Amino acid sequence: MQQTRVSQGTDYYYRFIEKFPDISTLAAASEEEVMKVWQGLGYYTRARNLHHTAKTIINEYSGIFPSDYDEILKLKGIGPNTAAAVSSFAFKTNKPVMDGNVVRIVSRLFGVLHSVNSSVGRTIISNYVSQLMNQSSPDMFNQAIMDFGALCCTPSKPGCKHCPFNRVCYAYLHDRIEEFPVRKKKTEMKSRFFNYLDIRSQGFTYIKKRTNNDIWKNLYEYPLIETKSDMLLQDVIASDAWAILFNGIDTDVYGISSEYLHQLTHRRIKARFIRVVVNSQQAWIPVDYTRIKSEDIINYPVSGLMAKYIKEVVSA
DNA sequence: AATACGGGGGA
DNA sequence: TCCCCAGTATT
């Protein structure tokens, strides 16, 4: 799950393990298949890391998942939390998890004043959890403390009245529940402006995979002209990027969609889709793009934003 | 140490 | 509109 609610990921989980029931199946899959199953869930690096790690297990660990915490921690996409969870559940390793639930509970219980997203705050909380940890059944402890956070010590309106720790909880005893956990304020929201080109050329369209270290890495999309600001359509058409893409090919701008506002945690993407018809009869492939049947776009993993447009326009 | 990375659902 | 989620990798 990693920063995603279980309720949001459950359906994806079942679809994932149905398609890739074991490590060797996942390792043998194409990256595209893996991304397609992940489409819409977000944090796509997780999918690539799972795929990558499956191959690592097959190739470097003889297909046997390591049982040692430090060895598990080396695997790509597995950090301290996942390593602690996996090693404690699967191998009874004595490592405490520190997910959002645990952080919240400890923060309230002891009134941790340092921000929980600072390294100092994490260290303080980690020390508390290590002390609390039931050494004889670390798996039970980890599952219990996470569930306790999810069911009782919840982010909003925690069940303090019936909480078994309300006689020792710093936040509750001082009537300062709202103040914990302390968090530094989130990064500022930034806007980006995407102009996607829904190109129609004799039943074909053009797509490209995003490969930069950027949002939606390894997902597919239409030709994109990103602008620094909210530009007029005519200015986009007059831009260098447009000229380079079409390279003198005869086109008509058939229409422009309304603005698609894609609101993410730290990004506000204002997107619009420009329908362009290519008049040329000759097969034309702009540099770096792939030419596919327009309706085949549904077979490619795409972002939530692209999927929305496709559903509304292409599949309609 | 700070920042990037998605999307959904509750308040 | 804001918060926050079974966090990790990169800068």
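A few comments on the model shown:
- Prolate/oblate/rounded label for region A:3-118 (Cα gyration tensor, a/c 1.5): oblate
- Residue-count net charge about A:S136 - beta-carbon cut-off 15 Å; Lys, Arg +1, Asp, Glu -1: +1
- Percent of beta bridges antiparallel (DSSP, chain A, rounded to nearest 5): 60
- Using just its DSSP H runs of length 4 or more, each adding -39500 (n - 2.57), chain A gives a mean residue ellipticity at 222 nm of -11000 deg cm²/dmol after division by all residues.
- Gyration tensor (alpha-carbon) shape descriptor, chain A, a/c threshold 1.5: prolate
- Taking chymotrypsin sites (Phe, Trp or Tyr not before Pro) across region A:19-110, the ones in a DSSP loop with at most 16 further Cβ atoms lying within 10 angstrom of their Cβ are A:Y43, A:Y61.
- Neighbour net charge for A:A171 - beta-carbon separation under 15 angstrom, K R +1, D E -1: +4
- Region A:213-271 and region A:132-153: distance between their alpha carbon centers, rounded to Å: 48
- Most mobile listed residue (A:G159, A:G304, A:G79) in chain A, GNM with C-alpha springs under 10 Å: A:G159
- For region A:1-65: accessible area per residue (Å², 1.4 Å): 62
- Length-normalised contact order of region A:96-185 in % [C-alpha pairs under 8 Å, at least 6 apart]: 46
- Eligible lysines near A:K209 by straight Cα distance, threshold 25 Å, same-chain separation 8 or greater: A:K19, A:K36, A:K55, A:K76, A:K190, A:K217, A:K228, A:K270, A:K293, A:K308, A:K311
- Most simply put, region A:213-316 has about 90% antiparallel DSSP beta bridges, counting only bridges with both residues inside it.
- Using a cutoff of 8 angstrom between alpha carbon atoms and counting only pairs six or more residues apart, the relative contact order for chain A works out to 16 percent.
- Separation of region A:190-206 from region A:12-86 is 32 Å, based on Cα centroids.
- Carbon/sulfur fraction of accessible area - chain A, other protein chains in place, 1.4 Å, %: 52
- In the context of the full set of protein chains, region A:153-242 has a per residue accessible area of 63 Å² (1.4 Å probe).
- Annotation: A:H266 carries an accessible surface of approximately 80 Å², with a 1.4 Å probe and no ligand, DNA or RNA atoms counted.
- Formal net charge of residues neighbouring A:N218 (Cβ-Cβ distance under 10 Å; K, R +1; D, E -1): +2
- Relative contact order (%) - region A:190-314, alpha-carbon pairs under 8 angstrom, separation at least six: 36
- Using a Gaussian network model of chain A in which every pair of alpha carbons under 10 angstrom is joined by a spring, one finds that among A:S201, A:S30, A:S67 the greatest mean-square fluctuation is at A:S30.
- Shape category assigned to region A:96-185 from the gyration tensor of Cα positions, a/c cut at 1.5: oblate
- Residue among A:K92, A:K76, A:K161 with the largest mean-square fluctuation in a Gaussian network model of chain A, springs linking Cα atoms under 10 Å: A:K161
- The equivalent ellipsoid that matches the C-alpha gyration tensor of region A:168-316 spans semi-axes of 41, 17, 13 angstrom, in descending order.
The values are calculated or read from the model by the stated rules, or taken from the named source; none is laboratory data. Since we're looking at a predicted model, the values are computed, not measured. Glycine also receives a Cβ, built like all others from the backbone with ideal geometry; neighbour counts cover every protein chain displayed. The accessibility values were calculated without ligands, DNA or RNA, using every heavy atom of the protein model including side chains. Shrake-Rupley method; radii C 1.70, N 1.55, O 1.52, S 1.80 Å.
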